[in-house]
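Peer 1: Here it is, the structure in full.
The values are calculated or read from the model by the stated rules, or taken from the named source; none is laboratory data. Please read all numbers here as calculations on a predicted model, not as lab measurements. Here the Cβ is made from the backbone with ideal geometry for all residues, glycine too, and neighbour counts use every protein chain on show. Keep in mind that these areas ignore ligands, DNA and RNA; they rest on the heavy atoms of the full protein, side chains included. Shrake-Rupley method; radii C 1.70, N 1.55, O 1.52, S 1.80 Å.
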Amino acid sequence: MTTSRIAVVGAGIGGLTAAVALARRGIECEVHERSAAPGGSGGGIQLSPNAMAVLHRLGVGPAPADAVRPQARELRRWRDDSLIGRVELGPDAERRFGAPYLTVRRAALSRALLAAAGPGSVRFGSRCVGLREDGDGVLLRFADGSQRRAGTVIGADGLHSIVRGAVHQDAVRYSGHTVYRAVLPAERAGRLASPPRVVVWLGPGRHCVTYPVDGGRSLNLVATAPEPAPPTAVREVAGSDLLAAYSGWHPVVRGLLAVAGRLDHHGLFDRPALPSWHRGRVVLLGDAAHPMLPFIAQGAAQAIEDADVLAAHLDEPGGPARYEAARRGRVEQVCAVARAGLRDLHLPDGPEQRARDAALAATDLSTFDWLYAGGHDPAARAAR
Ligand SMILES: Cc1cc2nc3c(=O)[nH]c(=O)nc-3n(C[C@H](O)[C@H](O)[C@H](O)COP(=O)(O)OP(=O)(O)OC[C@H]3O[C@@H](n4cnc5c(N)ncnc54)[C@H](O)[C@@H]3O)c2cc1C
């Protein structure tokens with residue numbers, strides 16, 4: 001039976017970053033990914049400076065032709081498209097936080113991480129179906145009937161993690177909200193495509209986000225909607241079917257939905273905090289450890305930070321505990337802000353919404369120092 005020192009389950013952004021961070025420290029690992037081939041989801045992702053700082057340090061970045069550097073994040077009102085607030089994300093942000101803010105396709109980031117992890121570092125078509133620790137390490141079982149042994153297992157297998165079950169038994173928590181996602185050609189998006197920016201429209205019970213990807217050739221679109229139950233699996237719907245849910249919204253949002261084509265529709269979930277992120281020789285990172293709602297665009301960024309810190313501690317005595325101690329406080333703060341978005345981003349028009357908008361109008365780059373500057377690195381934060 002094949003034995004590896006370290007097995008990573010899941011070649012998403014967290015698992016691939018772990019493979020690269022370990023390789024940079026001369027530590028070999030074997031990554032098991034259930035998908036048959038590289039690629040991953042076709043959607044977009046915002047990479048904030050705290051994530052980009054880690055990726056730069058690891059010498060990884062999406063190809064310039066794939067990435068976009070948005071100038072700003074604009075928050076707008078649902079009904080009249082008026083500007084609530086604007087945060088600069090361009091050169092001022094890069095100077096302040098030490099790394100750029102990028103928007104990119106997930107697949108472009110995965111390609112860059114995979115290239116950095118090295119050829120043959122990932123076994124595709126390798127779905128882990130169970131694991132058991134014994135005196136010799138951890139025995140991993142795969143859907144094709146094969147087994148592998150590893151000294152340490154890193155669970156990076158996302159929201160529905162199998163590996164998490166070896167640390168703690170719990171269930172995902174439906175947020176009451178679903179999300180519709182599409183990537184459309186920029187020419188369909190009219191004035192929203194240029195200048196490049198992240199735009200978030202806030203309205204009662206829902207919000208809508210767009211930003212450019214593919215070097216500006218496409219626009220990523222995410223629209224949320226409250227629903228009593230999530231679809232049982234990801235399903236495709238027509239953008240025109242969403243217009244009823246967005247009735248009364250400004251034509252710029254409704255127009256975008258109308259030209260979006262097919263959107264993927266799925267539920268939004270997180271899980272309560274775990275008592276511990278590790279047990280024996282098994283340790284979790286990213287969504288497997290702490291899935292969060294996407295309302296602060298940080299799930300992948302936190303997975304990237306996790307991977308970097310875990311690689312730094314893994315070979316130390318008590319490594320997983322040190323990793324968790326270094327990460328837990330920050331991650332729980334981010335998860336709490338993300339969860340608060342369920343209410344804060346979706347207020348009905350009225351006094352609370354006006355107070356929220358006044359606070360948002362007053363935000364500037366300094367509001368995000370805790371999140372974007374220095375990331376998980378206390379030395380970098382202290383040096384600021
Ligand atoms: C609508 C939406 C928008 C978002 N936007 C952002 C954003 O802008 N910025 C941001 O930072 N985050 C964002 N996120 C969050 C981000 O997508 C996740 O937090 C991030 O992908 C987590 O990375 P991960 O590697 O931990 O897990 P995943 O990306 O879920 O990767 C897990 C990997 O494990 C594999 N896998 C699963 N089970 C098995 C198994 N049994 N055996 C082998 N392989 C397995 C999967 O195929 C997958 O490749 C968003 C999320 C949503 C839902």
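Peer 1: Considering only the range 275-318, state which residues are among the acidic types (Asp, Glu) and more than 14 Å from the ligand (Cβ to nearest atom).
Peer 2: If the condition is that a residue be among the acidic types (Asp, Glu) and more than 14 Å from the ligand (Cβ to nearest atom), then Asp315, Glu316 are the ones that fit.
Peer 1: Quick check on my filter: what residues within the range 257-270 are within 16 Å of the ligand (Cβ to nearest atom) and of a type in the set (A, V, I, L, M, F, W, C)?
Peer 2: Leu257, Ala260, Leu263, Leu268, Phe269
Peer 1: Output the residues belonging to the range 137-195 that are free of Cβ contacts under 8 Å to residues at least 60 places away in the same chain, under 26 Å from Leu221 (Cα atoms) and in a strand (DSSP E or B).
Peer 2: The one that is free of Cβ contacts under 8 Å to residues at least 60 places away in the same chain, under 26 Å from Leu221 (Cα atoms) and in a strand (DSSP E or B): Pro185.
Peer 1: Do we have any residue at all in the range 253-271 that's closer than 20 Å to Arg164 by Cα and aliphatic (A, V, I, L, M)?
Peer 2: Yes, the range 253-271 contains at least one residue that is closer than 20 Å to Arg164 by Cα and aliphatic (A, V, I, L, M).
Peer 1: Could you pull out the residue among Gly341, Gly329 that is open to solvent by 40 Å² or more (accessible area, probe 1.4 Å) and out of contact with any Gly (no Cβ under 7 Å at 6 or more places or on another chain)?
Peer 2: Every option except Gly329 fails the conditions.
Peer 1: Give the residue that is farthest from the ligand (Cβ to nearest atom), with candidates limited to residues of the range 120-139 that are hydrophobic (A, V, I, L, M, F, W, C) and over 20 Å from Leu22 (Cα atoms). Please lay out each step first, then the result.
Peer 2: As a first pass, look at the range 120-139 and keep what is hydrophobic (A, V, I, L, M, F, W, C): 122, 124, 128-129, 131, 138-139.
Now restrict to residues that are over 20 Å from Leu22 (Cα atoms): 128-129, 131, 139.
Numbers: Cys128: 4, Val129: 7, Leu131: 10, Leu139: 15 Å.
Here the answer is Leu139.
Peer 1: So, one more: Name the single residue, out of those in the range 118-136 being small (Gly, Ala, Ser) and at pLDDT 95 or above, that is most open to solvent (accessible area, probe 1.4 Å).
Peer 2: Filtering the range 118-136 for residues small (Gly, Ala, Ser) gives 118, 120-121, 125-126, 130, 135.
Subset that is at pLDDT 95 or above: 125-126, 130.
Details: Gly125: 46, Ser126: 5, Gly130: 8 Å².
Ranking the qualifying residues of the range 118-136, first place goes to Gly125.
Peer 1: Of all the residues that make up the range 154-178, how many are under 26 Å from Phe124 (Cα atoms) and within 13 Å of the ligand (Cβ to nearest atom)? Can you show your working first?
Peer 2: The initial filter retains those residues of the range 154-178 that are under 26 Å from Phe124 (Cα atoms), namely 154-167, 172.
Now restrict to residues that are within 13 Å of the ligand (Cβ to nearest atom): 154-166, 172.
Residues flagged as under 26 Å from Phe124 (Cα atoms) and within 13 Å of the ligand (Cβ to nearest atom) within the range 154-178 amount to 14.
Peer 1: Looking only at the range 253-271, decide whether some residue is outside any strand (DSSP E or B), in contact (Cβ under 8 Å) with a residue 60 or more places away in the chain and touching a His at 6+ places or on another chain (Cβ under 8 Å).
Peer 2: There is at least one residue in the range 253-271 that is outside any strand (DSSP E or B), in contact (Cβ under 8 Å) with a residue 60 or more places away in the chain and touching a His at 6+ places or on another chain (Cβ under 8 Å).
Peer 1: Now for a separate question. Select from the range 32-59 the residues that are of a type in the set (A, V, I, L, M, F, W, C) and either open to solvent by 20 Å² or more (accessible area, probe 1.4 Å) or more than 14 Å from the ligand (Cβ to nearest atom) (or both) and list them in ascending order.
Peer 2: Ala36, Ala37, Ala53, Leu58
Peer 1: Could you list all residues from the range 214-252 that are of a type outside the set (Asp, Glu), crowded, with 16+ Cβ neighbours inside 10 Å and part of a helix (DSSP H, G or I)?
Peer 2: Gly215, Gly216, Gly239, Leu242, Val252 - these are the residues of the range 214-252 that are of a type outside the set (Asp, Glu), crowded, with 16+ Cβ neighbours inside 10 Å and part of a helix (DSSP H, G or I).
Peer 1: Restricting the first residue to the range 1-26 and requiring it to be at pLDDT below 95, which pairs with a second residue that is more than 10 Å from the ligand (Cβ to nearest atom) and of a type in the set (Val, Ile, Thr) meet a Cβ separation below 9 Å and a spacing of at least six or different chains?
Peer 2: Matching pairs, first to second residue: Arg5/Ile27; Arg5/Thr152.
Peer 1: Can you name the strands (runs of 3 or more DSSP E) wholly within the range 67-119 that have at least 2 residues being more than 13 Å from the ligand (Cβ to nearest atom) and not β-branched (Val, Ile, Thr)?
Peer 2: Of the strands (runs of 3 or more DSSP E) lying wholly inside the range 67-119, those with at least 2 residues that are more than 13 Å from the ligand (Cβ to nearest atom) and not β-branched (Val, Ile, Thr) span 72-77, 83-88.
Peer 1: Sticking with this structure for a sec: Name, by its number, the condition in (1) in contact with a Phe, Trp or Tyr (Cβ under 7 Å, 6 or more places away or on another chain); (2) under 30 Å from Gly350 (Cα atoms) that does not hold for Gly85.
Peer 2: Gly85 satisfies every listed condition except (1).
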